[in-house]
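Here's the structure we're looking at; comments come further down.
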Amino acid sequence: MDLAQELKNSLNLEKLSQSEQEEIISDFGETLLKRIILRIYEVLSEQDKKDLEILTGGDEEKINEFLKNKVSNIEQIRNEELSALISDFKEFAKDIK
């Protein structure tokens, strides 16, 4: 299941308009990416951080390959951050009601 569909299911976004769904999914994706990057930076050496910065803005496949080689548990990090962010969002939404 892709991220957008997973979010629609987990956060009950079906009730919102298409444009509202897209905005939430976009914002969520940006926040998720930031959280993943922070976690990745915790495990990279200083040289690896410099190498990653050089790759940033370039070929996405090269970046993904670099990260897979340097961060063996990258999928676990993604899944943990996704679950945590969904949980945070649900808690926030509950407080709004």
> How many residues does the stretch 81-97 contain that are more than 14 Å from residue 36 (Cα to Cα), free of Cβ contacts under 8 Å to residues at least 24 places away in the same chain and assigned to a helix (DSSP H, G or I)?
Replying inline: 7
>> Can you report the number of residues in the stretch 55-73 which are touching a residue at least 24 places away in the same chain (Cβ under 8 Å) and either touching a Lys or Arg at 6+ places or on another chain (Cβ under 6 Å) or exposed (fewer than 13 other Cβ atoms within 10 Å of the Cβ) (or both)?
In response: 0
>> Could you tell me how many of the residues in the stretch 1-54 are surrounded by fewer than 14 Cβ atoms within 10 Å (Cβ to Cβ), outside any helix (DSSP H, G or I) and more than 15 Å from the chain's Cα centre (by Cα)?
In response: 3
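Can you tell me how many residues within the stretch 81-92 are of a type outside the set (S, T, N, Q), more than 11 Å from the chain's Cα centre (by Cα) and surrounded by 11 or more Cβ atoms within 10 Å (Cβ to Cβ)? Please lay out each step first, then the result.
Keep residues of the stretch 81-92 that are of a type outside the set (S, T, N, Q), which gives 81-82, 84-86, 88-92.
Adding the requirement that they be more than 11 Å from the chain's Cα centre (by Cα) leaves 88-92.
Add one more test, that the residue is surrounded by 11 or more Cβ atoms within 10 Å (Cβ to Cβ), and what stays is 88-90.
Matching residues across the stretch 81-92 total 3.
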>> Let me spell it out: the conditions are (1) in contact (Cβ under 8 Å) with a residue 24 or more places away in the chain; (2) among the basic types (Lys, Arg); (3) loosely packed, with under 11 Cβ neighbours inside 10 Å, and residue 78 meets all of them except one. Which number is the exception?
In response: (3)
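Laboratory data are not the source of any read-out in this text; all were calculated from the coordinates shown. Since the structure is predicted, the reported quantities are computational estimates derived from the model, not experimental observations. We place every Cβ from the backbone using ideal geometry, glycine too, and count neighbours over all the protein chains shown.
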